[in-house]
Amino acid sequence: MKVYFHLNLGGFSNCYLVVNEETSEAIIIDPGKMTEEIISQIEDNNLKLSAVLITHNHGSHVHGLKTLRKIYSPKIYAADWDVAKNDTTVLSGDGKLKIANMFVHYMSVPGHTADSMVYGIGDILFTGDVLSAGFIGSTNSSYSDFILRSNIEQKIFSQQEITILMPGHGPPTTLEAVKAFNNFTDNYKRN
């Protein structure tokens, strides 16, 4: 498996192209903007775009979907039907899918948004805006903040410390680094 990073300057959000080198199939995560670079990467490597995974329905993570769907016919996975209406495969709760001949684990981690999902492929978690290097996702109420923090502790902090986090914004990190340096983890370290 190879993961290619693309930055959407419009929303300073990250888009990821995950490639199964054995089958030449690919998954795009959070297509904030479809650039010539992303399309060239797919076309020049003769990749079959199997699916699009949406971490949450914010513009900087989904705006490129309209362009993408004009060129390709991938299956679209999200926790919000509104992402692609009837073409959306709506996910809820936690589960596992097989896409592009890779196992994709998905976890519902509400708090930043009601539809926030985290996707795990191999030892990588694509966290969207749930958790990044140095911060957790913004919330609009103390209850949402409580729900987000609880879900991070239960679902993400239970992963192996070598797990790589690929966030919706900012640089990649590891779970070990987040536990050591993220201000959120002060409570976690004391328990």
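Residues to consider are G134, G128; find the one that is open to solvent by 40 Å² or more (accessible area, probe 1.4 Å), within 18 Å of the chain's Cα centre (by Cα) and either closer than 23 Å to D30 by Cβ or modelled with pLDDT of 95 or more (or both).
Details: G128 fails: open to solvent by 40 Å² or more (accessible area, probe 1.4 Å).
On inspection, the qualifying residue turns out to be G134.
Go through segment 22-34 and give me each residue that's free of Cβ contacts under 8 Å to residues at least 40 places away in the same chain and open to solvent by 50 Å² or more (accessible area, probe 1.4 Å).
First pass over segment 22-34, keeping only residues free of Cβ contacts under 8 Å to residues at least 40 places away in the same chain: 24, 31-34.
Selection gives K33 alone.
Kindly establish whether A180 is among the aliphatic types (A, V, I, L, M), open to solvent by less than 80 Å² (accessible area, probe 1.4 Å) and more than 24 Å from S60 (Cβ to Cβ). Walk me through it before giving the result.
Numbers: among the aliphatic types (A, V, I, L, M): yes; open to solvent by less than 80 Å² (accessible area, probe 1.4 Å): yes; more than 24 Å from S60 (Cβ to Cβ): yes.
So A180 passes the test.
Here are the criteria: (1) surrounded by fewer than 19 Cβ atoms within 10 Å (Cβ to Cβ); (2) in contact (Cβ under 8 Å) with a residue 24 or more places away in the chain; (3) over 15 Å from the mean Cα position of the chain (by Cα). Tell me which single one R69 does not satisfy.
So R69 meets the others, but not (2).
Assess whether T139 counts as being hydroxyl-bearing (S, T, Y), buried (at least 17 other Cβ atoms within 10 Å of the Cβ) and modelled with pLDDT of 95 or more.
Working: hydroxyl-bearing (S, T, Y): yes; buried (at least 17 other Cβ atoms within 10 Å of the Cβ): yes; modelled with pLDDT of 95 or more: no.
Spelling it out, it is not the case that T139 is hydroxyl-bearing (S, T, Y), buried (at least 17 other Cβ atoms within 10 Å of the Cβ) and modelled with pLDDT of 95 or more.
Testing F12 on (1) at pLDDT 95 or above; (2) open to solvent by 80 Å² or more (accessible area, probe 1.4 Å); (3) touching a His at 6+ places or on another chain (Cβ under 9 Å), one condition comes back false. Which one is that?
(1)
Collect the residues in segment 35-56 that are open to solvent by less than 40 Å² (accessible area, probe 1.4 Å) and either in contact with an Asp or Glu (Cβ under 6 Å, 6 or more places away or on another chain) or of a type in the set (D, E) (or both), keeping them in residue-number order.
Passing the criteria: S50, T55, H56.
Got a number for residues in segment 104-145 being touching a residue at least 12 places away in the same chain (Cβ under 8 Å) and over 15 Å from T55 (Cα atoms)?
8
The values are calculated or read from the model by the stated rules, or taken from the named source; none is laboratory data. Quick caveat: nothing in here was measured; it's all calculated off a predicted structure. All Cβ positions, even for glycine, are placed from backbone atoms using ideal geometry, and neighbour counts span all protein chains on display. Calculation scope for accessible area: heavy atoms of the full protein, side chains included, ligands and nucleic acids excluded. Shrake-Rupley method; radii C 1.70, N 1.55, O 1.52, S 1.80 Å.
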